[in-house]
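Engineer: Let me give you the structure first, and then I'll get to my questions.
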Amino acid sequence: MSDVVLAQSTPVTTEPRLTRHILIGAVLVLIMVLLFAPLIAVFAEALAKGWMASVGSLASPDARSAIRLTLTVAAIAVPLNAVFGVAAAWAITKFDFRGKAFLITLIDLPFSVSPVVAGLCLVLLCGANSSLGAWLIAHDVKIVFAFPGIVLATMFVTFPFVARELIPVMVEQGRAEEEAALTLGASGWRAFFTVTLPNVRWALLYGVLLCNARAMGEFGAVAVISGKIRGETTTMPIMIEMLYNEYLSVAAFSLAAVLAFLALVTLTLKSLLEWRHADLLAATRRH
Amino acid sequence: MRASILRSPSPLPGFGLSFGIMMTVLSIVVLLPIGALLGRGLMIGPGDLWGMVNSRRIWAALSLSFRAALIASLFNLVFGLILAWVLVRYRFWGRRFIDAAVDLPVVLPTAVAGISLTAIYAPNGVFGQALAPFGIKVAYTELGIWMALIFIGLPFVVRTVQPVIEEIDREVEEVSATLGAQRAYTLRRVVLPTLTPALLTGFALALARSVGEYGSVIFIAGNIPNLTEIAPLLIVIRLEEYNYNAAAAIGIAMLLISFTMLLAINVIQIWSRRRIGLV
């Protein structure tokens with residue numbers, strides 16, 4: 001067989017040309033139908049009655065308080081989860097102790113628990129008919145149907161995001177650099193801030209980004225714990241549900257469009273991180 | 001505390017602090033609430049618990065949640081494999097864009113996905129109108145639930161399989177071809193077995209996520225008792241009636257499904273690590 005024939009025939013490690021084109025075509029069509037159509041629909045429905053109606057609905061007191069609440073909840077839940085994630089990753093990757101695998105499974109647990117069940121758990125823990133709930137009422141602390149409950153529910157569902165992103169990266173990096181810093185006389189905190197943190201900064205940002213996206217969009221857990229008190233415990237997703245059920249389509253989709261836009265920003269930043277710092281993100285992603 | 005927990009000494013400081021923060025937050029946010037649910041279950045007692053779960057409506061809801069999740073995850077298993085393969089192996093215009101877009105369901109809030117899917121598939125929506133002449137109704141039927149769960153579960157298989165495909169040594173495929181294997185045979189007997197653990201992991205993750213999914217489903221489902229009412233919705237309904245014990249009973253049933261799923265994922269990963277050293 002001559003070189004010319006070899007060059008013309010399909011390489012043995014790929015599929016025939018026709019198969020390739022059919023597969024690419026099928027994938028593009030399905031992605032259009034399954035992913036892009038719903039995304040486009042959000043913006044189309046929001047603008048169904050023009051820009052003015054859409055922007056006007058966002059200026060209503062209900063929408064504004066929902067946006068404010070969602071931002072506040074994320075501003076508290078995300079940093080707390082980031083601190084937890086960094087602490088968990090430090091404890092798990094820098095030290096060797098018994099039950100580590102079990103601990104990682106526990107950290108992952110919220111990923112496989114239904115958000116509604118998460119909300120239910122919190123209601124049963126802090127609700128009026130539990131012993132802790134009775135104590136809380138006696139001391140005038142409101143958790144269920146109030147702001148702290150929403151924060152707790154949000155933390156539950158976003159719990160593994162930062163830790164899950166940091167642990168594989170820190171396992172790969174080992175602890176030799178920190179040990180070197182300590183040998184050179186650095187304090188533990190200094191080693192952490194000047195060696196560890198710069199090493200994992202992109203992975204940390206990546207985790208925080210996903211954590212934030214989920215925190216702002218959480219629905220099921222918050223729906224259960226918030227009690228849906230209008231103007232008080234209605235986050236953006238809850239407000240969307242209320243408006244939608246009241247047949248205020250433009251208002252519901254306008255608020256949804258704000259969240260969808262935020263999702264697109266998150267997706268863009270996330271892709272940029274993946275393209276530019278692929279080697280510094282969790283090993284299970286691209287190499 | 002340090003010496004009693006650590007298995008081997010480490011020169012690094014901060015074990016007490018980091019371990020302490022980790023356990024405190026883990027306990028407050030995850031373990032105590034789940035413990036409260038399980039504790040409530042113990043208080044009710046297994047007999048009464050069974051009595052509360054054992055009704056036609058709850059069985060219908062639980063089996064619907066599981067069945068729809070299974071169907072959607074099976075679809076995503078096949079489509080996810082093809083998508084991952086196309087994204088890694090083929091070069092075409094817009095590949096990177098599609099690659100980035102796969103994670104849309106991860107970042108798009110579920111309630112947003114729910115109302116927009118409903119808008120598309122409702123009888124007066126774009127796809128709803130197109131499907132009506134064929135007698136296919138999607139919104140407010142079980143088919144709608146499948147569509148929502150397919151949307152939610154789409155990224156899982158792709159993202160677990162993609163790195164494994166990237167790592168496949170093409171020489172193995174060349175060897176198979178030189179030994180006379182057709183391409184389809186090589187794919188089935190050489191490539192697919194290396195991907196199986198990742199496929200199963202992605203499938204289990206998608207399944208676990210879809211079984212408990214709420215936000216994207218309730219808008220499109222129609223929520224007719226015994227027909228299109230998913231288990232999480234039934235919990236919400238019971239809670240709104242202040243029937244905490246009944247809600248807890250369904251919650252425990254769902255938690256058991258989650259635990260089983262988590263166990264399955266762990267078993268798959270241990271098995272795959274033993275078998276080919278990949279996760």
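Engineer: Exposed loop GluC sites (Glu not before Pro) only (DSSP loop, at most 16 other Cβ atoms within 10 Å): please give the longest stretch of chain A free of them, not including the sites.
Structural biologist: Within chain A, the longest run free of exposed GluC sites (Glu not before Pro) spans A:1-231.
Engineer: Could I ask something else about it? Placing unit charges on C-beta atoms (Lys and Arg positive, Asp and Glu negative, everything else neutral), compute the dipole magnitude of the protein assembly as shown about its Cα centre in debye, rounded to 20.
Structural biologist: 420 debye
Engineer: I've got another one for you. With every protein chain kept in the model, how would you rank B:Arg170, B:Arg274, B:Arg91 by accessible area, 1.4 Å probe, largest at the top?
Structural biologist: Result, largest first: B:Arg274, B:Arg91, B:Arg170.
Engineer: Tell me the per residue accessible area of chain B using a 1.4 Å probe; a whole number in Å² is fine.
Structural biologist: It amounts to 43 Å² per residue over chain B.
Engineer: Another one. Going through the DSSP H helices of chain B, which span 15 Å or more along their own axis at the Cα atoms while scoring at least -1.0 as a mean Kyte-Doolittle hydropathy?
Structural biologist: B:15-26, B:32-44, B:56-89, B:110-121, B:142-167, B:192-211, B:244-276
Engineer: Please compute how much accessible surface disappears when B pairs with A, both sides summed, using a 1.4 Å probe, and round it to the nearest 100 Å².
Structural biologist: 8500 Å²
Engineer: Further, regarding this structure: Let me know the mean shielding of A:212-221 by other chains, meaning the per-residue number of their Cβ atoms within 10 Å of its Cβ.
Structural biologist: Mean shielding count: 5.
Engineer: Next question, about the same structure. Roughly how crowded by other chains is peptide A:180-186, in terms of the mean Cβ count from those chains within 10 Å of each of its Cβ atoms?
Structural biologist: 1
Engineer: So how do A:Tyr247, B:Tyr244, B:Tyr90 rank on accessible area, 1.4 Å probe, biggest first, that is with the largest at the start?
Structural biologist: A:Tyr247, B:Tyr244, B:Tyr90
Engineer: Now a separate question. According to a simple spin-label model (label point 7 Å from Cα along Cα-to-Cβ), what is the distance in nm between B:Met23 and B:Leu6?
Structural biologist: Distance between the two pseudo-spin positions: 1.5 nm.
Engineer: Mind giving me the nanometre distance, one decimal, between the label points for A:Lys100 and A:Thr194, set 7 Å out from Cα along Cα→Cβ?
Structural biologist: Here the answer is 2.7 nm between the modelled labels.
Engineer: Using just the helices of the protein assembly as shown, give the 222 nm mean residue ellipticity in deg cm²/dmol: DSSP H runs with n ≥ 4 each add -39,500 (n - 2.57), and the total is spread over all residues, rounded to 500.
Structural biologist: Value at 222 nm, helices only, nearest 500: -23500 deg cm²/dmol.
Engineer: Check the straight Cα-Cα distances from A:Lys94 and name the aspartates and glutamates below 13 Å, setting aside those fewer than 8 residues away within the same chain.
Structural biologist: Output for A:Lys94: A:Glu172, A:Glu177, A:Glu178, A:Glu179.
Engineer: While we're here: Among B:Ala111, A:Phe95, A:Gly149, whose Cα projects farthest towards the positive end of the dipole of the protein assembly as shown, with charges put on the beta-carbon of Lys, Arg (+1) and Asp, Glu (-1)?
Structural biologist: It is A:Phe95, whose Cα lies furthest towards the positive end.
Engineer: Size of the dipole of chain B about the Cα centre, Lys and Arg at +1 and Asp and Glu at -1 on the beta carbon, nothing else charged, in debye to 20?
Structural biologist: So the magnitude is around 460 debye.
Engineer: Further, regarding this structure: Inside 10 Å of the C-beta atoms of A:230-240, what's the mean count of C-beta atoms belonging to other chains?
Structural biologist: Mean partner-chain Cβ count within 10 Å for A:230-240: 2.
Engineer: Can you give me the long-range amide H partners of A:Asp96? Hydrogens built in the peptide plane at 1.01 Å from N, cutoff under 5 Å, separation of 5 or more residues or another chain.
Structural biologist: It is B:Arg7, B:Ser8, by chain and number.
Engineer: Sticking with this structure for a sec: Please state the charge dipole magnitude for the range A:2-286, taken about the Cα centre, from unit charges on C-beta atoms (+1 on K and R, -1 on D and E), reported in debye and rounded to the nearest 20.
Structural biologist: With only Lys, Arg, Asp and Glu charged at Cβ, the dipole is about 140 debye.
Engineer: Which order do you get for B:Trp93, B:Trp271, A:Trp189 if you rank them by accessible area with a 1.4 Å probe, largest at the top?
Structural biologist: Heavy-atom accessible area, descending, gives B:Trp93, A:Trp189, B:Trp271.
Engineer: Using 0.36 nm per residue of separation minus the Cα-Cα distance, give me the extension gain between A:Thr14 and A:Asp108 in nm, one decimal.
Structural biologist: Length gained, A:Thr14 through A:Asp108: 30.1 nm.
Engineer: Continuing with the same structure: For the pair A:Leu28/B:Leu187, report the inter-label distance in nm, with labels modelled 7 Å from Cα in the Cβ direction.
Structural biologist: Label at A:Leu28, label at B:Leu187, 1.9 nm between them.
Engineer: Using a 1.4 Å probe over the heavy atoms of the protein chains, calculate the carbon and sulfur portion of the accessible area of chain B as a whole percent.
Structural biologist: 67 percent
Engineer: Just name one of A:Ile76, B:Gly39, B:Leu199: the one whose Cα is farthest towards the positive end of the charge dipole of the protein assembly as shown (beta-carbon charges, Lys/Arg +1, Asp/Glu -1).
Structural biologist: Result: B:Leu199, furthest along the dipole toward the positive end.
Engineer: Quick one: of A:Lys100/A:Lys228; A:Lys49/B:Lys137; A:Lys142/A:Lys270; A:Lys100/A:Lys270, which pairs are farther than 31 Å apart, Cα to Cα?
Structural biologist: Correct reply: A:Lys100/A:Lys228; A:Lys142/A:Lys270.
Engineer: Would you mind telling me the share, in percent, of accessible area of chain A contributed by carbon and sulfur at probe 1.4 angstrom?
Structural biologist: Accessible surface attributable to carbon and sulfur in chain A totals 68 percent.
Engineer: How many angstrom lie between the Cα centre of the range A:30-106 and the Cα centre of the range B:33-49?
Structural biologist: 31 Å
The values are calculated or read from the model by the stated rules, or taken from the named source; none is laboratory data. These numbers were taken from a predicted model, which means no experiment stands behind them. Here the Cβ is made from the backbone with ideal geometry for all residues, glycine too, and neighbour counts use every protein chain on show. Side chains are part of the model used for accessible areas, which takes the heavy atoms of the whole protein and leaves out ligands, DNA and RNA. Shrake-Rupley method; radii C 1.70, N 1.55, O 1.52, S 1.80 Å.
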